[in-house]
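One structure below.
The values are calculated or read from the model by the stated rules, or taken from the named source; none is laboratory data. These figures come from a predicted structure and were not determined experimentally. A quick note on method: Cβ atoms are made from the backbone with ideal geometry, for glycine too, and the neighbour counts reach across all protein chains shown. When the accessible area is computed, the model is the full protein with side chains, heavy atoms only, and any ligands, DNA or RNA have been set aside. Shrake-Rupley method; radii C 1.70, N 1.55, O 1.52, S 1.80 Å.
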Amino acid sequence: MGSGGHPEEAKTTYREAMREALREALRADERVFLMGEDVGRYGGCFGVSLGLLEEFGPDRVRDTPLSESAFVGAGIGAALAGMRPIVEIMTVNFSLLALDQILNNAATLLHMSGGQLPVPLVIRMTTGAGRQLAAQHSHSLEGWYAHIPGIRVLAPATIEDARHMLAPALADPDPVLIFEHGSLYNAVGELAPPAAPVDLDHAAIRRPGTDISLITYGGSLPKALTAADELAAEGISAEVIDLRTLRPLDDATIAASVARTHRVVIVDEAWRTGSLAAEISARIAEQSFYELDAPVERVCSAEVPIPYARRLEEAALPQSADIVSAAHRAVD
């Protein structure tokens, strides 16, 4: 215990927090197992599962062939048979090879069976850009999945959520997709034990404010917080909302923030057209139109394949300066 009687906070990384969440799940329930490309001997393509094969053995940490459709389908079958599989897909771009399994099987079987066939499956994947991995490993397609009824879509942006979202995801009777932004894996912070079970239904106010709402998720949260610091130095109080769950969206928290600030910037690393930012903007127009004192601003990626060259990649992605500029357009 700390000197104030509170549990000691331990310094860790987002990657280590996710690994500890996996370890806890494997220890807590023999039905849980991890499967995917290179999750075993290699320790995961991003090092998240490093050491778990040695600790739990090849029956619980399973390397799979390079076939996303096959191993996601196997995970669905295992869930139908009473297991609690955690399927890792290397990157969101490759998840498209399993889209038929996710959309036509995982998301629909409970409905099509009249409630007889729940699919308690967790699928983890890396998303996002900023690491010079070029177009086939760098896009943000989680908004596509947030379009699908029958699944829950999570985007942990903090070390706390990386550590504590997995357990309630595994307890969910429906399929849950967890999108881990690749730029966050090396993030370092303090991790305290949760005061209560982690809530998957609500967005979080990461910074309160009164002049403008910055609504974002995942890898864009640090940029939004940096922009809020810059705006504060100019006398503009920005509230930062971390969506956390992309399906279902927490309309109430969004609407309450708009009612407080009356101005909104939505930050979304996906492309602007048909984006999650577009959906949120539409909901604000439908539910909070008369609270707005300015048009909703959106800061999204340029509508190009993500470039490999560092400066081009940075230019294509939302940056803190872009968020500040958008806030000024709304406030000034």
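Protection proxy ranking, highest mean first, for peptides 209-216, 13-20, 39-46: 209-216, 13-20, 39-46, where packing is the per-residue count of other beta-carbon atoms within 10 Å, averaged. Shown here: Cα extents along the principal axes in Å, derived from the displayed model; of the candidates [x] 114, 82, 47; [y] 59, 52, 44; [z] 97, 58, 35, it corresponds to [y].
Tell me whether segment 106-204 comes out rounded, prolate or oblate; compute the Cα gyration tensor, take square roots of the eigenvalues as a ≥ b ≥ c, and use a/c under 1.5 as the rounded threshold.
oblate
Distances between placed amide hydrogens fall under 5 Å for ARG247 paired with VAL153, all partners being 5 or more residues away or on another chain.
Taking only protein heavy atoms into account and a 1.4 Å probe, give the accessible area per residue of segment 1-138 in Å².
Normalised by residue count, the accessible surface of segment 1-138 is 47 Å².
For segment 258-332, the solvent-accessible area works out to 51 Å² per residue, with a probe of 1.4 Å and every protein chain left in place. Whole-Hz Karplus values for segment 293-303 come out as 9, 7, x, 5, 9, 10, 10, 10, 6, 4, 7 Hz, taken residue by residue from phi with 6.51 cos²θ - 1.76 cosθ + 1.60 and θ = phi - 60°; glycine and proline positions read x. Dividing the mean sequence gap of close Cα pairs (under 8 Å, 6+ apart) by how many residues the chain holds gives a relative contact order of 16 percent.
Among LYS223, LYS11, what's the order by accessible area (1.4 angstrom probe), most exposed first? Please list the in-between numbers first.
Details: LYS223 45, LYS11 145 Å².
Largest to smallest exposure gives the sequence LYS11, LYS223.
The listed residues VAL188, VAL324 rank as VAL188, VAL324 when sorted by accessible area, largest first, using a 1.4 Å probe. In order along segment 77-84, phi translates into HN-Hα couplings of x, 5, 5, 4, 8, x, 7, 10 Hz, rounded to whole numbers, per the Karplus curve 6.51 cos²θ - 1.76 cosθ + 1.60 with θ = phi - 60° and x for Gly and Pro.
Ordering 84-92, 55-63 by mean Cβ neighbour count within 10 Å, with the highest value first, yields 84-92, 55-63. For LEU53, the accessible area of its heavy atoms, probed at 1.4 Å with every protein chain present, is near 30 square angstrom. Backbone amide hydrogens, once placed in the peptide plane, bring PHE33 within less than 5 Å of ARG84, ILE86, excluding anything fewer than 5 places away on its chain.
Calculated mean residue ellipticity, 222 nm, the chain: -9500 deg cm²/dmol, from DSSP H runs (n ≥ 4) at -39500 (n - 2.57) each, averaged per residue and rounded to 500.
Note on surface exposure: TRP271, TRP144 rank TRP144, TRP271 by accessible area, highest first, 1.4 Å probe. Here GLU24 sits with roughly 80 square angstrom of accessible surface, probe radius 1.4 Å.
The mean sequence distance of close C-alpha pairs (under 8 Å, at least 6 residues apart), as a share of the length of segment 89-160, puts its relative contact order at 36 percent. Candidates ALA17, ALA321, LEU96 compared by Cα position along the dipole of the chain: farthest toward the positive end lies LEU96, with charges placed on Cβ. ILE76 sits with roughly 10 Å² accessible to a 1.4 Å probe, with DNA, RNA and ligands left out of the calculation.
Could you check how much of the accessible area of the chain is carbon and sulfur, as a whole percent, using a 1.4 Å probe?
55 percent
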